[in-house]
Amino acid sequence: MKRSVWLLLILALVIVYPLLFTTPFLQRLGALVLLYAIAASAWNIVGGYAGQVSVGHVVFFGCGAYASMAFFTHFGWPPIAAVPVGMAASVGIAALIGVPTLRLSGHYFSMATIAVAELARLIVTNVEALGAAVGLSGPVMPRTVFDLSFTSALPYYYLFLAVLLVVLGLTYWMENSRIGFYLRAIKDNERAARSLGVQAGRYKLYAYMISAGLTSVAGTLYATMYGFIDPESGLGILTSVKILIMAALGGAGLLFGPLVGAAILVPLEEISNNLLGGKGAGLTFVVYGAIIMIIARFYPSGLLKLLLDRMAAAKPAPSDKQVRDVA
Amino acid sequence: MLLEAIDVTKTFGALTVVNTVSVSLNKGDILGLIGPNGAGKSTFFNCLTGDLMPTSGRVILNGEDVSMMTPEQRAVRGLARSFQVPQTFETMSVLENVMIGAFLRTSDPARARRRAYEVLDLVGLVDVASAVAGSLGTPGRKRLEIARALATDPEILLLDEAMAGLTATEVRQAIELVRKIHQTGMTLVIVEHIMEVIISLAQQVIVFHQGHQIARGTPQEVTRDPAVVTAYLGKRAAANAARGFAGDPA
């Protein structure tokens, strides 16, 4: 009961945030937090719940982003209309990558996904139809409202919020159904899960495909807001790492973990970019590296888990004695 | 015939770990697999469960050849197992661990939860249902593994050293639990080191030595078998034992 009150309170705050903080910088910052929260929440399904750490998720992000810009450039579609195209392509690519690589355990899967992402970046850099190294642009002037080209970040903020709520709703449903239980079991102990009839390979693939499709939506939204995509912003390894770190910092495998991570990291990055200007680009990598080390050393399950554990510890655990009796 | 292994052989490179072993079980049987360390009983066990594929020979479950099937395919067909070193889902609660098993027969979380509670009641873990599995000790984990396997509604349950690492009292409790499960009509295969367990539970015992089946029969028969005594205690002790038996008026 108390938990739902807290959630409603936080949701209310998120809804009124851009009305309270009306400067363009803060509104844009809010929109970006939500955008990356979408991407990180999508990653969370395969990386957090199923425990298959993909470091190549930018492929799906890029797929969504490139679909919107390419279909605008070649066919004049409004960028947002390419959402189904990007999703379908991402799910297809995920199936293609997933079938051979999800058999690999742990780090080998991560490495395979990095290789695929880099390969995609190199290929796109050499394909004229996709703008090659220069990239593709969206509508210069909004033709209709469907182009979703606004100067203010406010409409984007609410659009991203709506999409994020859908993604979180889907994750919540998954968490409480058989697939969610199975994914956690596979993450904890794949061999034991298989002995209980869990088709581990199939469920990992499902998680990867769902995650890929949703990540692609984040890519399309990104391209719609920026109106531009190039191999670095759409397929660069830094975006993969950013998505992963947000989920891990907030709490991988927790519903709101990625949102917490995005709310910490995006402002940090925007502020440091503002302070350091263009020279800060290289420094971002250094900061991310440091964050990875800190998470791995001190908070392997993320900040949100740390907080929840603290709250749980504050209450007495009733079954503690019984545990010892049986154990 | 519920489960049948025909001439199962498993080799790793040049090493033959299981050499043409055959068993057959009817519904309600309890089969014990015993033998010294490294005799091949665990390898044979894993060929039955699908964790290993036999190099040659066949495994028949309910009339169907499952020799090349994965563990999850065999689980669907009614085979469940526990592990020698407990493989519980450490970060999940005891209840959730058992629900994973129950989900094999239903996709509805509420029904899986009900089934899980039934099984937890049977194995005596209801009181710790909400505890994290990682907080249980060895006996608790072994019980949890049995509960999880039972939740899949198996026809045959294979227990891999379910009593290893338990104290004498805990072993007696575990034997009681296995008896209770057997009384529900369950067919069981148990790999065990502890002779007391095998003698009090199994109707039929197969003794492994260096990959071969060296004896088969009731627990009483195999413990008197000279080949078995030799395998366990060495030749001289076997000779002494034989003299001992010869002088025994019974």
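What number results when the radius of gyration of the stretch B:139-223, computed over Cα atoms, is divided by 2.2 N^0.38 Å?
With N residues counted in the stretch B:139-223, Rg over 2.2 N^0.38 Å equals 1.10.
Could you work out the Rg to Rh ratio of the stretch B:4-64, with Rh taken as the Kirkwood radius (inverse of the mean 1/r over all Cα pairs)? If you can, show how the numbers build up before the last one.
On the way: Rg = 11.5 Å, Rh = 12.0 Å.
Using only Cα positions, Rg/Rh for the stretch B:4-64 is 0.96.
Summarising the label geometry, the points placed 7 Å from Cα in the beta-carbon direction at A:V140 and B:E196 lie 8.9 nm from one another. Estimated purely from DSSP H runs of n ≥ 4, each contributing -39500 (n - 2.57), the mean residue ellipticity at 222 nm for the protein assembly as shown is -19000 deg cm²/dmol once divided by its residues. Show log10 I(q)/I(0) for the stretch A:1-146 at q = 0.15, 0.19 Å⁻¹, two decimals, from a solvent-free Debye sum over equal Cα scatterers. Taking Cα atoms of the stretch A:1-146 as identical point scatterers yields -0.98, -1.19. The stretch A:197-263 and the stretch B:143-172 have Cα centres spaced 41 Å apart.
Spin-label pair B:T16-B:R216: with each label point 7 Å from Cα along the Cα-Cβ axis, the two points sit 1.7 nm from one another.
Here the accessible area is traced with a 1.4 Å probe on the protein chains. For the protein assembly as shown, carbon and sulfur cover 64 percent of it. Stretched out straight at 0.36 nm per residue, the stretch from A:A129 to A:H74 would grow longer than its current Cα-Cα span by 19.0 nm.
Can you pick out the pairs among A:K187/A:K305; A:K187/B:K142; B:K142/B:K180; B:K10/B:K41; A:K204/B:K142; B:K41/B:K142 whose Cα atoms lie more than 22 Å from each other? Over 22 Å apart, Cα to Cα: A:K204/B:K142. Against the main long axis of the alpha-carbon atoms of chain B, helix B:109-123 sits at an angle near 40°.
The residues of the stretch B:88-153 expose on average 34 square angstrom of accessible surface per residue, using a 1.4 Å probe on protein heavy atoms.
What is the magnitude of the charge dipole of the stretch B:63-207 about its Cα centre, with +1 placed on the Cβ of each Lys and Arg, -1 on the Cβ of each Asp and Glu, and no other charges, expressed in debye to the nearest 20?
280
On a 0 to 90° scale, report how tilted helix A:200-226 is relative to the longest principal axis of chain A, with both axes built from alpha carbons and the result rounded to the nearest 10. Result, in degrees: 40.
The slack between A:M311 and A:A95, meaning 0.36 nm per residue of separation minus the straight C-alpha distance, is 73.8 nm. According to the square roots a ≥ b ≥ c of the eigenvalues of the Cα gyration tensor, what is the shape class of the stretch B:51-199, taking rounded for a/c under 1.5, prolate for a/b larger than b/c otherwise, and oblate for the remainder? Oblate is the answer for the stretch B:51-199, as a/c is 1.5 or above yet b/c matches or exceeds a/b. Other protein chain C-beta atoms within 10 Å of residue C-beta, averaged over A:167-180: 1. Using a/c under 1.5 as the rounded threshold, could you call chain B rounded, prolate or oblate? The axes a ≥ b ≥ c are square roots of the C-alpha gyration tensor eigenvalues, and prolate needs a/b larger than b/c, oblate otherwise. It comes out prolate by the Cα gyration axes. Comparing each chain alone with all protein chains together (probe 1.4 Å, DNA, RNA and ligands left out), the residues of the stretch A:193-224 losing at least 50 Å² of accessible area are A:R194, A:S195, A:L196. Per residue, the solvent-accessible area of the stretch A:28-236 (1.4 Å probe, heavy atoms of protein chains only, all protein chains present) comes to 38 Å².
The overall shape of the stretch B:88-153 is prolate: from the C-alpha gyration tensor, with semi-axes ordered a ≥ b ≥ c, the ratio a/c is 1.5 or greater and a/b exceeds b/c. Binning the alpha carbon pair distances of chain A at 10 angstrom intervals from zero yields the distribution 6, 25, 34, 24, 9, 2, 1, 0, expressed in whole percent.
Take the accessible area of chain B alone and of chain A alone, subtract that of the pair, and you get about 2600 Å² summed over both chains, using a 1.4 Å probe.
Computed log10 I(q)/I(0) for the stretch A:1-82 at 0.14 Å⁻¹: -0.77, from the Debye equation with unit scatterers placed on every C-alpha and solvent omitted. Would you mind counting up the charge near A:A42? Only other residues with Cβ under 15 Å from its Cβ, with Lys and Arg at +1 and Asp and Glu at -1. Result for the local shell: 0. The eigenvalues of the Cα gyration tensor, multiplied by 5 and square-rooted, give the protein assembly as shown an equivalent ellipsoid with semi-axes of 57, 26, 19 Å from largest to smallest. Remark: spin-label model distance A:T23-B:T184 equals 6.5 nm, labels positioned 7 Å along the Cα→Cβ axis.
Over all alpha-carbon pairs of the stretch A:175-302, lay out the pair-distance distribution in 5 Å bins, whole %, shortest bin first. Each 5 Å bin holds this share of Cα pairs: 2, 9, 14, 19, 19, 15, 11, 6, 4, 2, 0. The long axis of helix A:83-101 is offset from the longest Cα principal axis of chain A by roughly 50 degrees. Across all Cα pairs in the stretch A:120-172, the calculated P(r) in 10 Å bins from zero up to the longest distance comes to 20, 25, 32, 23, 0 percent per bin.
The values are calculated or read from the model by the stated rules, or taken from the named source; none is laboratory data. Just so we're clear, the structure is a prediction, and the values are computed from it rather than from any experiment. Neighbour counts are summed over all protein chains in view; Cβ atoms, including those assigned to glycine, are modelled from backbone coordinates with ideal geometry. Just the protein is used for accessible areas: all its heavy atoms, side chains included, with ligands, DNA and RNA removed. Shrake-Rupley method; radii C 1.70, N 1.55, O 1.52, S 1.80 Å.
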